[in-house]
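The values are calculated or read from the model by the stated rules, or taken from the named source; none is laboratory data. These figures come from a predicted structure and were not determined experimentally. Backbone-built Cβ (ideal geometry, glycine too); neighbour counts: all protein chains shown.
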Amino acid sequence: MPQTDDHRPQIMLLGPRLDAVSGVSSHLLALIRSPLANRYRLRHFQVGSEGRNEGPIARLLRLLGSPFALWKAIRRYRPAVVHLNSSLNRDAFWRDMIYVMVARLGGAKALYQVHGGSLSKFLGTSRLREGVLRRLLLLPSVVVVLSERELAAQRALVPKQNIKLIPNAIDTAPYLRLPLRQYSAASSLELIYLGRLTREKGLYELLQALAIARSQGAHARLCIVGSGVELARLKHSVERLQLSSAVTFAGAAFGVAKLDLLSRADVLALPSYSEGLPYALLEGMAAGKTVLVTPVGAIPDVVTAEQHGVLVPPRDVTALASAIVHLAANRANLASTGAACRQRVATQYSMEQLVRNFSALYDELLCVPELPVAARCAE
């Protein structure tokens, strides 16, 4: 073990590459750059495929070798807590349960944080799967979720587990410095999308809805900010829908460039099929933008219909089009809803709140003796 005079407790953060374009990477960076680093030694251990450029054979070899690599890292650095960050999907879940067992065997507490996915959908209707998951979810020392809905689902499935609700948060300061936009009925409604360019983000439905709304007289335009596998197909869809004059692709944007794009927008559009708690939502709301979103993941915990914007069902082109028409026709309301969005994030989803939440949780794990898994599994 490396010799050091640094007596801060070590926390090993498991997740994708820190420069990958993903919500989990953003979360890891937020923790590492926060004042938590003054109290704990935060060490990143890369897992997952995001941010990697590898073929199927290399991926298989990495998956087979990663538990051994984690074991080696745990034995070398002796973290008090291994903090796993993942989504609730088939591949990630089974991989992470192996990581949890490796952490426990290495003498560390295991914090399993779920950033996306629905427990009810993951369970399906299989009673056998439900029984297996109930026991596996007792392996971590604590489970952290992002939404009230997932908190209730996890507690119903595993009532003996310690389950916490800790939502994502952002450094609100750069966004709060942006002036609230002045709205003019004579100008176009400026929509902005921030995020990865994937089908699951509802971008094709958003383009179709924009075309319908414009055919109904709505003066609206869309700026798509991000990169991803769907870029070429999305550009083709823009041409097919004859939206070339109404849609721009800004590419991936960070820092000042992203703030500049947000400053020109009226409405943040995020019609995803599923989510955890998207950073794009928190950033857009902190910038004072009214939101057009779907009620998935933790979004209903953050967004109240009419107070902060419009909620529409996933994949519903008609509802999206109607919402765009409504927002374009009621420009005067955007000032008040945008201000309410900013207030919501500033008071409930700030970095200060995240630091308090994880400081309390890390301290709890460091101070409370571990209850044997067998005792928690006993009926």
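Of a type in the set (Gly, Ala, Ser) and closer than 23 Å to Asp19 by Cβ: which single residue out of Gly217, Gly226 fits that description? First the steps, then the outcome.
Working: Gly217 fails: closer than 23 Å to Asp19 by Cβ.
Of the residues listed, the single one that is of a type in the set (Gly, Ala, Ser) and closer than 23 Å to Asp19 by Cβ is Gly226.
For (1) touching a strand residue (DSSP E or B) at 6+ places or on another chain (Cβ under 7 Å); (2) in the same structural domain as Thr290 (by TED's automatic domain parsing); (3) surrounded by 16 or more Cβ atoms within 10 Å (Cβ to Cβ), each residue gets a yes or a no:
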position: Pro313; (1), (2), (3): no, yes, no
position: Leu320; (1), (2), (3): no, yes, yes
position: Ile324; (1), (2), (3): yes, yes, yes
position: Asn333; (1), (2), (3): no, yes, no
position: Thr337; (1), (2), (3): yes, yes, yes
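Residue by residue through the range 181-212, note down the ones that are in contact with a Pro (Cβ under 7 Å, 6 or more places away or on another chain) and either among the hydrophobic types (A, V, I, L, M, F, W, C) or farther than 29 Å from Phe122 by Cβ (or both).
Within the range 181-212, Leu206 is the sole residue that qualifies.
Go through the range 191-211 and give me each residue that's of a type outside the set (S, T, N, Q) and surrounded by fewer than 18 Cβ atoms within 10 Å (Cβ to Cβ).
Within the range 191-211, the first condition is being of a type outside the set (S, T, N, Q), and the residues that meet it are 191-197, 199-207, 209-211.
Listed by number, the residues that qualify are Arg199, Glu200, Tyr204.
Given the criterion aromatic (Phe, Trp, Tyr) and either under 19 Å from Thr172 (Cα atoms) or in contact with a Cys (Cβ under 6 Å, 6 or more places away or on another chain) (or both), identify the matching residue among Tyr279, Tyr273.
Details: Tyr273 fails: either under 19 Å from Thr172 (Cα atoms) or in contact with a Cys (Cβ under 6 Å, 6 or more places away or on another chain) (or both).
Matching residue, one of Tyr279, Tyr273: Tyr279.
In the range 143-180, how many residues are aliphatic (A, V, I, L, M), more than 14 Å from Ser120 (Cβ to Cβ) and within 20 Å of the chain's Cα centre (by Cα)?
The qualifying residues number 9.
Pairs under 8 Å by beta carbon, first residue over 17 Å from Leu268 (Cβ atoms) in the range 174-193, partner of a type in the set (A, V, I, L, M), six or more apart or different chains?
Between residues of the range 174-193 that are over 17 Å from Leu268 (Cβ atoms) and residues that are of a type in the set (A, V, I, L, M), the close pairs are Gln182/Ala335; Ala185/Ala332.
When the residues of the range 256-290 are narrowed to those that are more than 18 Å from Arg196 (Cβ to Cβ) and free of Cβ contacts under 8 Å to residues at least 60 places away in the same chain, which ends up surrounded by the fewest Cβ atoms within 10 Å (Cβ to Cβ)?
Within the range 256-290, the match that is surrounded by the fewest Cβ atoms within 10 Å (Cβ to Cβ) is Val256.
Considering only the range 18-34, how many residues are at pLDDT 90 or above and either within 17 Å of the chain's Cα centre (by Cα) or farther than 22 Å from Phe254 by Cα (or both)?
Applying the first criterion (at pLDDT 90 or above) to the range 18-34 yields 18, 24-34.
With either within 17 Å of the chain's Cα centre (by Cα) or farther than 22 Å from Phe254 by Cα (or both) added as a condition, the list becomes 18, 24-32.
Of the residues in the range 18-34, 10 are at pLDDT 90 or above and either within 17 Å of the chain's Cα centre (by Cα) or farther than 22 Å from Phe254 by Cα (or both).
Could you figure out which of (1) surrounded by fewer than 17 Cβ atoms within 10 Å (Cβ to Cβ); (2) at pLDDT 95 or above; (3) touching a Leu at 6+ places or on another chain (Cβ under 7 Å); (4) part of a loop (DSSP other than H, G, I, E, B) isn't true of Gly228?
Just one mismatch for Gly228, condition (2).
Here are the criteria: (1) assigned to a loop (DSSP other than H, G, I, E, B); (2) farther than 29 Å from Ala173 by Cα. Tell me which single one Pro295 does not satisfy.
Of (1) assigned to a loop (DSSP other than H, G, I, E, B); (2) farther than 29 Å from Ala173 by Cα, only one is false for Pro295: (2).
Within the range 9-49, count every residue that is farther than 16 Å from Asp171 by Cβ and either of a type in the set (Gly, Ala, Ser) or touching an Asp or Glu at 6+ places or on another chain (Cβ under 7 Å) (or both).
So the count comes out to 8.
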